[in-house]
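The values are calculated or read from the model by the stated rules, or taken from the named source; none is laboratory data. Just so you know, these numbers come straight off a predicted model, no measurement behind them. Reconstructed Cβ throughout: ideal geometry from the backbone, glycine too, with neighbour counts over all protein chains shown.
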Amino acid sequence: MAETELTQDDVKHVAQLAMLTFEEQKLEHFTTQLDDILNLVETLNEVDTTDVPATFTVTENVNVLRTDTANNTHQGSELLANAPEAENGLIKVPAIIDESEEA
Amino acid sequence: MNYFETDLTQLHDQLVNKEISSVELTQATLANIKKTETNVNAFITVNDDAALAQAKAVDDKGIDATNLFSGIPIAIKDNILTKDILTTAGSKMLSNFKPVFDATATEKLYGQDAIMIGKTNMDEFAMGSTTETSYFNATKNAWDYTKVPGGSSGGSASAVASGEVLAALGTDTGGSIRQPAAFNGIVGLKPTYGRVSRWGLIAFGSSLDQIGQFTRTVRDNAAVLNIIAGHDQRDQTSSQREVPDYTANLTGDIKGMKIALPKEYLGEGISKEVKETILNAAKQFEAMGATVEEVSLPHSKYGVAAYYIIASSEASSNLQRFDGIRYGYRAKDAKNLNDLYVKSRTEGFGDEVKRRIMLGTFSLSAGSYDAFFKKAAQVRTLIVQDFQRVFEKYDLIMGPTTPTVAFNLGAKVEDPAEMYMNDVLTIPVNFAGLPGMSINAGFSEGLPVGMHLIAKHFDEASIYKAAYAFEQATQLFKQIPQVGGQK
């Protein structure tokens, strides 16, 4: 793990990946805070992890299988009650491509 | 009424003997919550009407003399789904969300005819150590309203400690049950990973998250675990192991028990008073016939750093689902679909959640994965191995739950890196999936000091055994909050 100095451009790039956006003044504040956190995280460099396997889960279960049975738990109308906008039993979303914008 | 001088068994007897009905108990509980809430803000939703209707149904059916929970009000943290009842996870993102199904833990409490009295406040999506990141304002510490209650399950902890309820469910990803239990002087248990189904828990860090419970006493705590533990085919990490009766071995006898005290847990950053309290607790255990010996968990100090990579990475993945489309907050005036995603997430998530999503997305992104995510997962292995070595020789590990007692509201909000150090003692337990409890071990400056007890996988029974002996010997659970501090 190399010494990382986070720039505002890095933060903008990650924000884009995470589907978030930050106003300019907040971006500066956020970059500093994230950089502080990364400095804390970089203490991991002190640990020799050569040939150490990674742990991603501690469950003792392996390949849990069950019968795939159909059930009728939820009705469409019930599920749609939480949708911000719905019409004719469907969830409504804005245009996927904004036609008013130039290509 | 408040719940300071009673417990599940006593209340159950009163209900069975018809000294009080479930409706009367629920009404009295609601009245007390209404009064207490102006000070503590432990609840996001108080379930007035539905709780009373439920209590009436239980009374009509008759209190079940064989069921300890029949007709007893219980609170649930607001990231655990409750059908048709607002479940926000403390976020603007879900501020209008009513689940269409119950979490398994909720279902199990309903199955016992417990009364769902309300949903408790929490840090947004369980990310925080003070309950200050909640969209619904901060909860206050039950012992001092100028102090934080801990987090993320601060609402559940404060509700129990301030006598609003006898028991509450919480969740723990890096200490979110144990740390608020410590700050509020009550009993909080994070069960073994896989012991309690996570079905219907709003996911944060899926390899770490676990549902558990807060109570005033050890016996009550064990009784709640008896109900919510067990296999569930809807959670593939849930264990098929049999659920023992956790109340069975509460004898007070811990002769011959081997307890380890890691030197790292009393080292740098741990306040003098906390250290003294825990050393006194160790003496108490020895006086009761247990042995306490110093051990080392050399990698525990790297837990916080590894945790903020792993938990944040899992969170950035889990929180992708909040996109403003099917449920939750949707921003107005989006130009197109992509704009809708970005605006809804930017407006719907608070700063701490954004920080974690950003950190996680960064750690998992091309070019960072090996250096950050994989490195942290390797350090996790070393932390797990530290515990394995100690548990070859010992039954239990003890230490403080938190480095200090509860601090002032607002004190650490602007310094996330310092805030994260709060969880230095609790995080390693989540990494290893072990069961851990916090129980009150004394007071410093009028505020409770939590003792942390950790056992082997699925050996909650040993924690309960030791905690019960300690509780009976010290009688600390009889201390109740007096605002302005305990003498």
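Structure values in brief
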read-out	value
Identity of the residue in region B:405-440, of a type in the set (Ser, Thr, Tyr) and modelled with pLDDT of 95 or more, that ends up surrounded by the fewest Cβ atoms within 10 Å (Cβ to Cβ)	B:THR426
First in region B:451-478 and modelled with pLDDT of 95 or more, second anywhere and outside any helix (DSSP H, G or I) and basic (Lys, Arg), Cβ under 7 Å, 6 or more apart	B:PHE458/B:ARG195; B:PHE458/B:ARG241
Residue match in region B:40-55 (condition: part of a helix (DSSP H, G or I), β-branched (Val, Ile, Thr) and surrounded by fewer than 17 Cβ atoms within 10 Å (Cβ to Cβ))	no
Matching residues in region A:36-72 - criterion: being at the interface with chain B (Cβ under 7 Å from one of its Cβ atoms), among the hydroxyl-bearing types (Ser, Thr, Tyr) and more than 22 Å from the chain's Cα centre (by Cα)	A:THR43, A:THR49, A:THR59
Output for region B:188-224, where each listed residue is among the aromatic types (Phe, Trp, Tyr) and closer than 18 Å to B:LEU109 by Cβ	B:TRP199, B:PHE214
Qualifying residue in region B:165-186 (condition: outside any loop (DSSP other than H, G, I, E, B), closer than 16 Å to B:PHE214 by Cβ, under 11 Å from the mean Cα position of the chain (by Cα) and among the polar types (S, T, N, Q))	yes
Candidate set from region B:86-100 (those that are more than 9 Å from chain A (Cβ to nearest Cβ) and assigned to a loop (DSSP other than H, G, I, E, B)); member that is farthest from B:ALA126 (Cα to Cα)	B:LEU86
Members of region B:355-373 that are farther than 18 Å from B:ILE427 by Cα and within 7 Å of another protein chain (Cβ to nearest Cβ)	B:ARG355, B:ILE357, B:MET358, B:THR361, B:PHE362, B:SER365, B:ALA371
Matching residues, region B:56-71, being touching a Ser or Thr at 6+ places or on another chain (Cβ under 8 Å), more than 18 Å from B:THR106 (Cβ to Cβ) and either among the hydrophobic types (A, V, I, L, M, F, W, C) or assigned to a strand (DSSP E or B) (or both)	B:ILE63
Exclusive hit being surrounded by fewer than 19 Cβ atoms within 10 Å (Cβ to Cβ), over 30 Å from B:ALA469 (Cβ atoms) and at the interface with chain A (Cβ under 9 Å from one of its Cβ atoms), set B:ARG326, B:ARG321	B:ARG326
Helices (runs of 4 or more DSSP H) completely within region B:389-483 that count 3 or more residues being among the small types (Gly, Ala, Ser)	B:460-474
Every residue from region B:126-147 that is buried (at least 24 other Cβ atoms within 10 Å of the Cβ), touching a Gly at 6+ places or on another chain (Cβ under 7 Å) and hydrophobic (A, V, I, L, M, F, W, C)	B:TRP143
Residue check, A:LEU20 more than 9 Å from chain B (Cβ to nearest Cβ) and either without any contact (Cβ under 8 Å) to a residue 40 or more places away in the chain or of a type in the set (Phe, Trp, Tyr) (or both)	no
One residue from A:ALA83, A:ALA95, A:ALA2 being under 25 Å from the mean Cα position of the chain (by Cα), of a type outside the set (S, T, N, Q) and modelled with pLDDT of 90 or more	A:ALA83
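Here's the yes/no breakdown for (1) within 25 Å of the chain's Cα centre (by Cα); (2) hydroxyl-bearing (Ser, Thr, Tyr); (3) buried (at least 19 other Cβ atoms within 10 Å of the Cβ):
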position	(1), (2), (3)
B:GLN10	yes, no, no
B:VAL58	no, no, yes
B:PRO73	yes, no, yes
B:ASP78	yes, no, yes
B:THR82	yes, yes, yes
B:LEU94	yes, no, yes
